[in-house]
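See structure below.
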Amino acid sequence: MALFFKLIAIFLFLSLYTNAEDNEQKILVEVNFFNWKNSNTTETFENYEELRILDPFVDLRKIEIKDFQSSFEGNIDKIENASFLRSVAWTQQIEEPETSKFVKITPFFENCFIKVYKSRFLRLVVKCASTDGFTINSSSKAELGRTYYFDHPTFGILISLQQQ
């Protein structure tokens, strides 16, 4: 019987250690942007102004992995109606919703903010506005090792989350 309680104590200790490690976990976030060619749409969006600035945010230039080779560029270029724009990637620690910040990406968009955090589950928030006023404003549950696709009639975004 004493052995049983010792095993329970060891498993309890190991589970606490695993939970502490989870808070220190780093992930690689890869974001790929592309345009849809020959896209004709007359959609308009009323909430374009609210995507101007989300504060506080982290400037991508401070954390971007330089010379990152996209794992999706070749596949996007194979799509007849798509044109690859850019890929960016960064490593970040998974934080709680209260302490996590949006990462601001600007090159092909008026403003694009992406946030990955963990509440009960890992969450991915994407708020992007193209220079011609089209927006993607989405939030979803996420998993490591998966790729997420955010689409609009004029552009698309592929986001991959990988454990570091």
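Numbers for the structure displayed
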| quantity | calculated |
| --- | --- |
| Residue check, LYS104 in contact with a helix residue (DSSP H, G or I) (Cβ under 8 Å, 6 or more places away or on another chain) and assigned to a strand (DSSP E or B) | yes |
| Subset of the range 105-114 [surrounded by 19 or more Cβ atoms within 10 Å (Cβ to Cβ) and either touching a Phe, Trp or Tyr at 6+ places or on another chain (Cβ under 9 Å) or closer than 18 Å to SER39 by Cβ (or both)] | ILE105, PHE109, CYS112, PHE113, ILE114 |
| Residue in the range 13-33 that is part of a helix (DSSP H, G or I), at pLDDT 65 or above and of a type in the set (Gly, Ala, Ser) present | no |
| The range 65-92, subset over 10 Å from PHE34 (Cβ atoms) and surrounded by 15 or more Cβ atoms within 10 Å (Cβ to Cβ), residue modelled with the lowest pLDDT | SER71 |
| Search result, residues across the range 139-158 that are modelled with pLDDT under 90 and out of contact with any Cys (no Cβ under 9 Å at 6 or more places or on another chain) | ASP151, PRO153, THR154, GLY156 |
| For THR41: the one exception among (1) in a loop (DSSP other than H, G, I, E, B); (2) surrounded by 10 or more Cβ atoms within 10 Å (Cβ to Cβ); (3) modelled with pLDDT of 85 or more | (3) |
| Count of the range 135-151 residues which are under 19 Å from PHE102 (Cβ atoms) and either over 14 Å from the mean Cα position of the chain (by Cα) or not in a strand (DSSP E or B) (or both) | 2 |
| Residues of the range 54-72 satisfying the condition of being under 19 Å from CYS128 (Cβ atoms) and in contact (Cβ under 8 Å) with a residue 40 or more places away in the chain | LEU54, PRO56, PHE57, VAL58, ASP59, LEU60, ILE63, SER70, PHE72 |
| Filtered residues of the range 116-134 (kept if under 24 Å from ASN81 (Cβ atoms) and either more than 12 Å from the chain's Cα centre (by Cα) or at pLDDT 90 or above (or both)) | VAL126, ALA129, SER130, THR131, ASP132, GLY133, PHE134 |
| Positions within the range 61-94 being in a loop (DSSP other than H, G, I, E, B) and either in contact with a Ser or Thr (Cβ under 6 Å, 6 or more places away or on another chain) or within 19 Å of SER160 (Cβ to Cβ) (or both), in sequence order | ILE63, ILE65, LYS66, ASP67, PHE68, GLN69, SER70, SER71, PHE72, ILE79, ILE94 |
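The values are calculated or read from the model by the stated rules, or taken from the named source; none is laboratory data. For clarity, every value in this text was computed on a predicted model and none was experimentally measured. So basically every Cβ, Gly included, is an ideal-geometry build from the backbone, and we count neighbours across all protein chains shown.
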